[in-house]
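The values are calculated or read from the model by the stated rules, or taken from the named source; none is laboratory data. Worth saying up front: this structure is predicted, and the values here are computed from it rather than measured. Cβ atoms come from the backbone with ideal geometry, glycine included; neighbour counts cover every protein chain shown.
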Amino acid sequence: MNLHEYQGKELLSSFGVRIQRGIVSDDPQKAVAAAEQLAVETGTGWWVVKAQIHAGGRGKGGGVKLAKSLEEVADISKGIIGMMLKTPQTPPQGKKVHQVLVAEDVYYPGESEPEEFYMSVLLDRASGKNMIMYSTEGGMDIETVAEQTPHLIFTETIDPLMGLQAFQARKIAFNLGLQGPALKDMVKFVSALYTAFVKTDSSLFEINPVLKTSDEKILAVDAKVVLDDNALYRHKDLAECRDLREENPTEVAANAAGLNYVDLDGNVGCMVNGAGLAMSTMDLIKQSGGEPANFLDVGGTADAKRVETAFRIILKDENVQAILVNIFGGIVRCDRVAQGVIDAYKNMGDAINVPIIVRLQGTNALEAKELIDSSGLDVISATEFQEAADKVQAVLA
């Protein structure tokens with residue numbers, strides 16, 4: 001589950017990570033009031049207005065701008081709120097901005113120049129351990145840094161049983177070229193950041209940039225936080241931070257119906273029981289000349305209501321030209337699934353406007369095929385994997 005920048009910063013701050021302070025607003029006048037409040041609390045005279053969407057590269061798309069007066073805060077907020085912001089990480093049509101974060105200016109003049117670093121905490125799947133990735137090249141796309149100057153990216157692997165050790169935090173600060181007060185502050189920053197990552201069961205913390213201010217303070221100017229969905233039952237307060245407006249509406253509807261669904265860019269819809277069989281089915285579609293339009297696991301039950309819901313979700317995708325139902329009857333009998341498909345088809349009527357191939361294998365597979373074949377509906381039955389592949393290929397031809 002993704003968090004907005006302002007939510008991620010609030011989370012980090014609760015664990016003692018110093019952040020660039022800001023106030024979220026969904027209206028230009030509220031944004032001005034937020035700027036006035038920040039001026040009183042922090043003494044800032046300039047403000048940064050940031051679009052709040054679940055995507056990176058906001059600045060390149062015009063979603064992050066500096067305001068040097070309250071009038072500019074109002075004008076910039078008015079221009080950003082409601083816009084369709086396009087970045088390299090959004091769909092082609094962009095994402096609608098519903099709110100902005102009005103933040104204090106932290107690039108103030110001082111005895112030294114501000115410095116920007118990159119830092120993230122994530123799971124290193126190769127080693128099965130957590131990892132801190134960091135670089136002196138903050139403020140840039142980390143992919144570009146990795147491609148052009150890989151020697152400027154450092155990693156620190158952390159044993160989850162031992163946790164982050166003090167010498168590791170110091171090593172990170174030294175590798176970033178820090179000394180004096182800034183080095184000590186970075187050690188505290190890294191320790192607090194890792195604690196927040198572990199305590200919240202997160203998948204990713206990415207801070208870009210981490211800023212060393214002109215007065216030697218270390219703080220998070222941005223925050224990308226991804227929480228592990230499987231651990232949200234332990235964090236009810238964090239689960240409430242979910243912004244469904246930022247998520248695929250079809251995936252949201254599927255989740256509400258208890259279906260495991262992932263939207264893809266293909267032309268053949270999939271309805272399968274079991275994640276492993278779903279992956280194999282997607283391979284089957286590729287081999288037959290099609291492209292999977294989705295990953296959809298209906299789980300261990302496939303009654304008429306559940307099948308109908310799955311059909312309706314798949315058919316929301318206008319690119320779907322055929323649907324392949326591939327069910328292994330282990331826990332659920334194939335004849336019951338077949339009857340569910342038939343009942344759902346009858347209930348939906350003209351709503352089903354693409355060919356449907358149904359492969360049922362397992363308990364009562366022959367009885368299921370007879371039900372499908374004698375139903376009089378425009379449903380194509382199959383029992384073998386290759387047979388299903390051939391029939392998918394035939395309807396796409």
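Here are some notes:
- One residue alone among VAL341, VAL332 is surrounded by 19 or more Cβ atoms within 10 Å (Cβ to Cβ), closer than 23 Å to LEU396 by Cα, in contact (Cβ under 8 Å) with a residue 24 or more places away in the chain and assigned by TED's automatic domain parsing to the domain that holds VAL392, and that residue is VAL341.
- Residue list for region 116-135, filter: modelled with pLDDT under 95 and crowded, with 16+ Cβ neighbours inside 10 Å: LEU123
- Residues of region 186-200 classified as in contact with a strand residue (DSSP E or B) (Cβ under 7 Å, 6 or more places away or on another chain) and either among the hydroxyl-bearing types (Ser, Thr, Tyr) or without any contact (Cβ under 8 Å) to a residue 40 or more places away in the chain (or both), total: 3
- Only residues that are out of contact with any Lys or Arg (no Cβ under 7 Å at 6 or more places or on another chain) and over 14 Å from CYS334 (Cβ atoms) were counted across region 352-374, and they come to 6.
- Number of the exception - GLN165 against (1) within 28 Å of TRP46 (Cβ to Cβ); (2) modelled with pLDDT of 95 or more: (1)
- The single residue among LYS369, LYS286, LYS316 that is assigned by TED's automatic domain parsing to the domain that holds LEU264, touching a Ser or Thr at 6+ places or on another chain (Cβ under 7 Å), under 28 Å from VAL252 (Cβ atoms) and of a type in the set (Lys, Arg) turns out to be LYS316.
- The residues of region 205-238 that are exposed (fewer than 15 other Cβ atoms within 10 Å of the Cβ) and either without any contact (Cβ under 8 Å) to a residue 40 or more places away in the chain or under 14 Å from the mean Cα position of the chain (by Cα) (or both), listed by number, are ASP229, ASN230, TYR233, ARG234, LYS236, ASP237.
- For region 1-53, the set of residues classified as at pLDDT below 95 and closer than 12 Å to GLN99 by Cα is empty.
- Residues that are among the acidic types (Asp, Glu) and under 15 Å from the mean Cα position of the chain (by Cα) within region 239-270 comprise ASP243, GLU246, GLU247, GLU251, ASP263, listed in sequence order.
- If you check ILE142, ILE81 for being among the hydrophobic types (A, V, I, L, M, F, W, C), farther than 28 Å from VAL32 by Cα and in contact (Cβ under 8 Å) with a residue 40 or more places away in the chain, only one passes: ILE142.
- Checking region 32-44 against the condition returns a match, with at least one residue being touching an Asp or Glu at 6+ places or on another chain (Cβ under 7 Å), surrounded by fewer than 19 Cβ atoms within 10 Å (Cβ to Cβ) and part of a helix (DSSP H, G or I).
- Residue within region 48-62 that is more than 30 Å from VAL198 (Cα to Cα), without any contact (Cβ under 8 Å) to a residue 24 or more places away in the chain, outside any loop (DSSP other than H, G, I, E, B) and not acidic (Asp, Glu) present: no
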